[in-house]
Each structure stands twice: as C-alpha cells, then as structure tokens.
Amino acid sequence: MKVWDLINDRGYPRYRTAGNERTAFLKVIALIFMIADHCGILFFRGVMEWRVIGRIAYPLYAWCLVVGMGYTRNPVRYSMRLLAMALVSQFFYMRVMNHSIGEGNILVTLLLGQLAIYGMQRKTYGSEYWAPVLAIVFTMLFKIDYGFKGVLLVILLYLAKDSRNAIISTMIAYCLFWGEGTSLLNSLFGLNLSGLKNLTANTQSLYSAIFRLQNFAVLSLILIVNQIGWKKRHPVWLSYIAYPGHFFILWLVKLLISQ
C-alpha cells in the first residue's frame, strides 16, 4: 500500500499498512490472550496450553503500535500516553508477577519500539539509524519485558508493513529465532509431541525447531495479515487502561486466593 497524502502534526507523511488495521478488535483479542497467559503463570503452572495461547498477545500489540504510528497526528503525545500508562501499571505488574521496580512492564517495551519508529520516520541527524539502535541498547542496560527481542519485533514489523508477504516472512523467520532456547513442548492439547523426536533424525530436528513455546507467537499472523474484526473504534483511553486494569483484577484474585 502507498503512503497517504496526509501529513501529521510533526511534519512527516502518515502511512497505511498491508495488514489488518482493525486495531480495536486486535487489542481486545490481544488482551484476552494476555490474560490467559498471566492466568497460566499465576494459577495453572505446568499447564503449557495457557502459555501457548498467550504467545499470540504481544505480536498483536506490536502490530497495533505499527498501525497506530501510521494514524497518529502527534507521535510525542502517543509516547507520553505510553509512558504514563507504563508508570501506572508498574506497581500492579510488580505485585502480580513478582517483579522488582527495575523490571519494566510490556508498555515500556512498546514505548521503546514506538520511539524507534519515530526516529526512523523523522530522519533527524541520522535518527533512522541511531534511534532503533539506542532503543535496543536500552533493553540491554535495563531489564524489561521481552527484552531486546520485543523491541526488535516492533522495528521489523514496521519495516515490513508495506507488503503482506514481507509481514508473513518476517514473522515466520523471527518467531523461529525468538523460540530458540525457550521451552520444548512434550504435549499440546492432549497430543503427545515427544514421540516425534524418536522417529528419525530429521523429525527430531524438526520437532526441536518447531515445538518451542515462543514459536507459537507465529499464530498471530492469522489476525495480523487478514482483515478480521469490526471496524468500529473504541475510545483511546479504554485501550490504555485495559493493561493496568487487568493487572488490578488479577491482583485482587491473587489476594483472595492467598487468604
């Protein structure tokens, strides 16, 4: 898709993407998958199906950010909203997930990705190069959710946004890289997977490459590249309070269970 003939408040062209731009729907689905993931961590430890479903959430949020940067008229205000909600969410993120103050939540990851995109758009004093590099370096100096891999996914999706085939190939390749080193699944929804590794050397290698926890983030492609969902938008504030709001509810549930 071609760039719009529209200019945002900061003076550079807005854009459309080749993927699903029904972000109101995608954010609701991402929230559901994220809640499933966090419930798996908190209440259903050892049941990997909850975690597998949860892998779909972050790529959807990353894609919504890429789409949002094409629509926003004020990227600086966009950054400030992300920063404000990241600060509000941090307390509940620490309480629910047992993290420290030095471990940033997912909104910090998305903020860094947004700043990287902003730098690549502005191209001020070579910011198309140093902005994404600085965003990734930050993740190596300070611990945040998903680390440099989370920020890098945002950058890659932004670079691939103009072509459906580029989005698909980027996500498949990246998820294989992302999954390397994560948990290897022995079963999934009642299906015994471990038997695959006992067939031949080739199937063992294939099993080891495919059936890793983080690889299942590739399932988000179904929603990212197809125009699925409703077109109607919901209020901006609703998207931002959903993240700290779900942590608040999980915190209350956790307190009730502990008592």
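The values are calculated or read from the model by the stated rules, or taken from the named source; none is laboratory data. Predicted, not measured: the structure shown is a model, and the values here were computed from it. For neighbour counting, all protein chains shown are included, and Cβ atoms are generated from backbone atoms with ideal geometry for every residue, glycine included.
Do any helices (runs of 4 or more DSSP H) entirely within segment 160-259 hold 1 or more residues that are touching a strand residue (DSSP E or B) at 6+ places or on another chain (Cβ under 6 Å), and if so, which?
Fully inside segment 160-259 and qualifying: 164-179.
Can you go through PHE138, PHE148, PHE177 and tell me which one is out of contact with any Ser or Thr (no Cβ under 7 Å at 6 or more places or on another chain) and over 26 Å from SER205 (Cα atoms)?
Going through PHE138, PHE148, PHE177 in turn, the sole match is PHE138.
In this structure, is LEU152 in contact with a Leu (Cβ under 7 Å, 6 or more places away or on another chain), free of Cβ contacts under 8 Å to residues at least 24 places away in the same chain and either under 30 Å from SER89 (Cα atoms) or surrounded by 13 or more Cβ atoms within 10 Å (Cβ to Cβ) (or both)?
Judged against the criteria, LEU152 is not a match.
Count, please, the residues in segment 73-82 that happen to be loosely packed, with under 15 Cβ neighbours inside 10 Å and modelled with pLDDT of 90 or more.
Residues that pass the stated criteria total 4.
Being within 16 Å of the chain's Cα centre (by Cα) and modelled with pLDDT of 90 or more: is that true of GLY104 here?
yes
Under 7 Å between Cβ atoms, at least 6 apart or on separate chains: pull out the pairs that start in segment 26-51 with a residue that is in contact (Cβ under 8 Å) with a residue 12 or more places away in the chain and under 19 Å from ALA242 (Cα atoms) and end on any residue that is aliphatic (A, V, I, L, M) and outside any helix (DSSP H, G or I).
PHE33/ILE56; GLY40/VAL47
Taking the stated definitions as given, is ASN198 surrounded by fewer than 17 Cβ atoms within 10 Å (Cβ to Cβ) and at pLDDT 85 or above?
no
Of the residues that sit in segment 229-252 and are in contact (Cβ under 8 Å) with a residue 12 or more places away in the chain and among the aliphatic types (A, V, I, L, M), which one is surrounded by the most Cβ atoms within 10 Å (Cβ to Cβ)?
By that ranking, first place goes to LEU250.
Quick check: is even one residue across segment 193-209 farther than 23 Å from LYS149 by Cβ, touching a residue at least 40 places away in the same chain (Cβ under 8 Å) and among the hydroxyl-bearing types (Ser, Thr, Tyr)?
No; the residues of segment 193-209 include none that is farther than 23 Å from LYS149 by Cβ, touching a residue at least 40 places away in the same chain (Cβ under 8 Å) and among the hydroxyl-bearing types (Ser, Thr, Tyr).
I'd like to check something: does segment 93-111 contain any residue that is touching a strand residue (DSSP E or B) at 6+ places or on another chain (Cβ under 9 Å), among the charged types (D, E, K, R) and within 24 Å of PHE216 (Cα to Cα)?
No, that holds for no residue.
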